[in-house]
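Taking it in order: structure first as structure tokens, then the write-up.
The values are calculated or read from the model by the stated rules, or taken from the named source; none is laboratory data. Keep in mind it's a predicted model, so treat the numbers as computed, not measured. Neighbour counts are summed over all protein chains in view; Cβ atoms, including those assigned to glycine, are modelled from backbone coordinates with ideal geometry.
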Amino acid sequence: MKRAFFSLMLLATPLAAHDQITDDLHIIHPSIPAPIASAKSAAGYVTISNEGDTPEELIGLRTPFAVSSTLHTTIFEDGIARMRPLSGVTIAPGEVVNMEPGGMHVMFMGLTGPAQEGDMIPATLVFRQAGDVAIEFMVDPVDGADHSTMDHSGH
């Protein structure tokens with residue numbers, strides 16, 4: 001029922017230009033809050049729906065926008081938000097995974113250039129089964145969060 005409702009909701013909503021449907025995966029609104037001009041890192045967010053019958057796993061990401069791109073999750077320890085690397089994100093059949101502020105996200109480290117609101121940043125999501133999926137992250141208006149000051153050490 002939940003899957004059917006979600007599918008109907010998708011039919012009622014026009015796909016944004018940077019949404020992507022590949023086999024059983026629906027990649028929804030990859031976005032990066034506009035980083036400040038001097039930022040060395042930025043966070044990326046995306047929603048992924050697995051509309052197939054088998055589990056899928058996001059295992060990596062590549063982009064010319066950054067020297068390295070890694071999957072992270074946010075852990076709160078003693079009231080402090082700390083980022084921890086993830087080796088992968090499993091998306092079960094019929095499941096929707098939201099990478100969003102305060103949770104799982106992509107970290108772009110060593111930015112190779114500026115990004116301004118409205119820019120489209122090319123990237124490739126790497127899935128265990130589906131392989132490489134080319135997408136574009138839209139640079140969204142700033143939300144006030146500065147990820148460059150958070151602890152991304154993984155310790």
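Taken over the range 46-73, the residue count meeting the criterion of being outside any loop (DSSP other than H, G, I, E, B), touching a Gly at 6+ places or on another chain (Cβ under 9 Å) and in contact (Cβ under 8 Å) with a residue 60 or more places away in the chain is 6.
Against the condition out of contact with any Phe, Trp or Tyr (no Cβ under 7 Å at 6 or more places or on another chain) and in contact (Cβ under 8 Å) with a residue 60 or more places away in the chain, how does T124 come out, does it pass? Against the criterion (out of contact with any Phe, Trp or Tyr (no Cβ under 7 Å at 6 or more places or on another chain) and in contact (Cβ under 8 Å) with a residue 60 or more places away in the chain), T124 qualifies.
Right, T63: more than 20 Å from D132 (Cβ to Cβ), within 13 Å of the chain's Cα centre (by Cα) and surrounded by 14 or more Cβ atoms within 10 Å (Cβ to Cβ) or not? No; evaluated as a whole, the condition is false for this residue. Does the range 74-81 include one or more residues that are at pLDDT 95 or above, under 26 Å from P141 (Cβ atoms), assigned to a strand (DSSP E or B) and of a type outside the set (A, V, I, L, M, F, W, C)? Checked against the condition, which is being at pLDDT 95 or above, under 26 Å from P141 (Cβ atoms), assigned to a strand (DSSP E or B) and of a type outside the set (A, V, I, L, M, F, W, C), the range 74-81 yields no hits at all. What about P85, is it exposed (fewer than 14 other Cβ atoms within 10 Å of the Cβ) and farther than 18 Å from S31 by Cβ? Yes: the conditions hold for P85. Only a single criterion out of (1) surrounded by 14 or more Cβ atoms within 10 Å (Cβ to Cβ); (2) at pLDDT 90 or above; (3) farther than 25 Å from G52 by Cα is not satisfied by H147, namely (2). In the range 98-128, what residues are over 10 Å from the mean Cα position of the chain (by Cα) and in a strand (DSSP E or B)? Matches in the range 98-128: F108, M109, G110, L111, M120, I121, P122, A123, T124, V126, F127. Of the residues screened, R62 is not one that is on the phi < 0 side of the Ramachandran plot and in contact with a His (Cβ under 7 Å, 6 or more places away or on another chain).
If you filter the range 92-104 down to residues that are out of contact with any helix residue (DSSP H, G or I) (no Cβ under 8 Å at 6 or more places or on another chain) and buried (at least 16 other Cβ atoms within 10 Å of the Cβ), you find that the one that is farthest from A42 (Cα to Cα) is V97.
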